[in-house]
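Trainee: The structure under discussion is supplied below as structure tokens; questions concerning it will follow.
Readers should treat all values here as calculations from the given coordinates under stated rules, not as data from a laboratory. The structure presented is a predicted model; accordingly, all values stated were derived computationally and were not measured. Please note: Cβ atoms are built from the backbone with ideal geometry, for glycine as well, and neighbour counts cover all protein chains shown.
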Amino acid sequence: MNINELREHLCSEYPDLCPLFSVEFGDGSLTVAAERLYSAASDMRDLGFDRLGMVTAVDRGETFELVYRVTSREMRAGIFLKAEVPREDPHIKSLCDLWPAANWHEREVYDMFGIVFDGHPDLRRILLTDDWVGYPLRKDYEDERMIRRPDYI
Amino acid sequence: MALIDDLGKALDSSPGGSVILTSVDAIMDWSRGKSLWTMPMGTACCAMELIAASFSKFDFDRHGTIPRADPRHTDVMVVAGTITYKMAPAVQRLYDQMPDPKWVIAMGNCAVSGGIFYYDTYSVVRGVDEFLPVDVYIAGCPPRPEALQDAIFQLRKKVDSESVAPGRVRDVEYVLPLPGDPRAGDRIQALRDGGGRK
């Protein structure tokens, strides 16, 4: 299924999600408000997107942009689901009960960005030690053990 | 080990005991140096070279360096790969489980100094010698199995100079030609001339 067919399919099934659909670099993406992410993801799953391959986030300064990659084996298509949460006290509803694969991915995003996933069954650090201070993939992260690369290298 | 240490101490302090001590040392070091069973602490790409070293093309079993998965069976820990701050306590614990005497080889740039993860990294230990006593360092990213072979030979030299008596160092002339040893050239040339084997 190519990108235009996917857009038509999406628009016929869920007309209210259609304006949020955009094409970036040849791939479909659906940017929704943070409160609406769970219902949109639920709709995506009902539409046939049965696999969550990746959850990550981007530090946009004032906000964090959450990125979910969902694919469908039946339609042979995939889209990005995106939502923005504020930098101060970032919260979003967990997608663990839609796709169980979200469990460890969301733990990783929590570990690296400090975004809290409400309703997550076991939200704790996954890659770093439990007593770690700070969230390393935030742009303003500082660590006394980190050595800055000098300019001449 | 306690018995051997006491024996070494007693022999070293008693008159004429060092004659026996040299023989005990020779036997101990010969047996230790020829069976350096390795604990393959492979955490990254260096582990691929470490695995290749055990297989038939390089065949490190002929040096007596048999890889064992259990730290309680092994003499030398080969730290091959990047060690993170989360991994370090596990490595320390495995090292503590190894019976004395034990040695450590830091294989590859990550284990030596952090390697490419030295700058701008929050999670990587800058060299395994921050928490383990390293005997031999191998540079390379990753090093070839031949470099690991050389490290085993260098470690064997070090083992040969150790004594069962604490604080005593054996003055050992190494009889096997090592890579870089000027005597090796003569011997290889002699082999080429057909005079080495009779």
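Trainee: Can you give the mean number of other chain Cβ atoms that lie within 10 Å of the Cβ atoms in peptide B:76-89?
Mentor: Other-chain Cβ atoms within 10 Å of each residue's Cβ, averaged: 1.
Trainee: Mean residue ellipticity at 222 nm from the helices of the protein assembly as shown, using -39,500 (n - 2.57) per DSSP H segment of n ≥ 4 over the full residue count, to the nearest 500 deg cm²/dmol?
Mentor: -10000 deg cm²/dmol
Trainee: Right, next: Sticking with the crude label model, points 7 Å out along Cα→Cβ, report the distance from B:Ala10 to A:Met146 in nm, one decimal please.
Mentor: The answer from the label model is 6.0 nm.
Trainee: For the range A:73-153, run through the GluC sites (Glu not before Pro) and keep only the ones in DSSP coil with at most 11 other Cβ atoms within 10 Å of their Cβ.
Mentor: Counting only loop positions with at most 11 other Cβ atoms within 10 Å, the GluC sites (Glu not before Pro) in the range A:73-153 are A:Glu74, A:Glu88, A:Glu142, A:Glu144.
Trainee: Calculate, in nm to one decimal, what A:Asp97 and A:Asn4 gain on full extension: separation in residues at 0.36 nm each, minus their alpha carbon distance.
Mentor: Full extension from A:Asp97 to A:Asn4 adds 30.5 nm.
Trainee: While we're here: What FRET efficiency comes out for the pair A:Glu88/B:Phe131, r = Cβ-Cβ distance, R0 = 25 Å, nearest 0.05?
Mentor: Details: r = 38 Å, r/R0 = 1.52.
Given R0 = 25 Å and the Cβ-Cβ separation, E is 0.05.
Trainee: Another one. Which links in B:Lys9/B:Lys86; B:Lys9/B:Lys158; B:Lys86/B:Lys157; B:Lys57/B:Lys157; B:Lys57/B:Lys102; A:Lys139/B:Lys102 stretch past 32 Å when you go from one Cα to the other?
Mentor: Distance filter (> 32 Å) returns B:Lys9/B:Lys86; B:Lys86/B:Lys157; A:Lys139/B:Lys102.
Trainee: Among residues other than A:Pro136 whose Cβ falls under 9 Å from its Cβ, what is the net charge (Lys/Arg +1, Asp/Glu -1)?
Mentor: After counting each charged neighbour, the total is -1.
Trainee: If you don't mind, there's one more thing I want to ask. Once you charge only the Cβ atoms, +1 for Lys and Arg and -1 for Asp and Glu, what is the size of the charge dipole of the range A:3-118 about its Cα centre, to the nearest 20 debye? Intermediate results must be reported in sequence, preceding the final value.
Mentor: Details: 12 positive and 22 negative charges, 59 e Å.
The calculated dipole for the range A:3-118 is roughly 280 debye.
Trainee: Calculated FRET efficiency, B:Val19 and B:Arg62, Cβ-Cβ r, R0 51 Å, to nearest 0.05?
Mentor: My answer for the efficiency is 0.90.
Trainee: By DSSP, what percent of the beta bridges with both residues in chain A are antiparallel, rounded to the nearest 5?
Mentor: 75 percent
Trainee: Please sort by residue number the trypsin sites (Lys or Arg not before Pro) in the range A:71-103 whose DSSP state is loop and whose Cβ has at most 12 other Cβ atoms within 10 Å.
Mentor: A:Arg73, A:Arg76
Trainee: Just add up the charged neighbours of A:Thr63: K/R +1, D/E -1, any other residue whose Cβ is under 13 Å from the Cβ of A:Thr63.
Mentor: -1
Trainee: B:Lys157 to A:Val58: FRET efficiency via 1/(1 + (r/R0)^6), r the Cβ-Cβ distance, R0 56 Å, to the nearest 0.05?
Mentor: With a Förster radius of 56 Å, E is 0.55.
Trainee: In nanometres, what is the gap between the two model label sites at B:Trp30 and A:Ser22, each 7 Å from Cα along Cα-to-Cβ?
Mentor: 7.8 nm
Trainee: Which distance in nm do the two modelled labels at B:Ala52 and B:Arg72 give, with both placed 7 Å along the Cα-to-Cβ direction?
Mentor: 3.5 nm
Trainee: Which whole-number percentage describes the relative contact order of chain B, with Cα contacts under 8 Å and a sequence gap of 6 or more?
Mentor: The value is 21 percent.
Trainee: Continuing with the same structure: About its Cα centre, what dipole magnitude does the protein assembly as shown give when the only charges are +1 on Lys and Arg Cβ and -1 on Asp and Glu Cβ, stated in debye to the nearest 20?
Mentor: So the dipole magnitude of the protein assembly as shown works out to roughly 1520 debye.
Trainee: Please go through the range A:21-74 and write out the chymotrypsin sites (Phe, Trp or Tyr not before Pro) that DSSP classes as loop and that have at most 10 other C-beta atoms within 10 Å.
Mentor: In loop regions of the range A:21-74 (DSSP not H, G, I, E or B), the sparsely surrounded chymotrypsin sites (Phe, Trp or Tyr not before Pro) are A:Phe25.
Trainee: Please work out how much length the chain gains when fully extended from B:Ala44 to B:Asp120, using 0.36 nm per residue of separation minus the C-alpha to C-alpha distance, in nm with one decimal.
Mentor: Details: separation 76, 0.36 × 76 = 27.36 nm, distance 1.91 nm.
Once the chain is fully extended between B:Ala44 and B:Asp120, it gains 25.4 nm.
Trainee: Under 12 Å Cα to Cα from B:Lys34, which aspartates and glutamates show up? Leave out anything in the same chain fewer than 8 places away.
Mentor: B:Asp61, B:Asp75, B:Asp160
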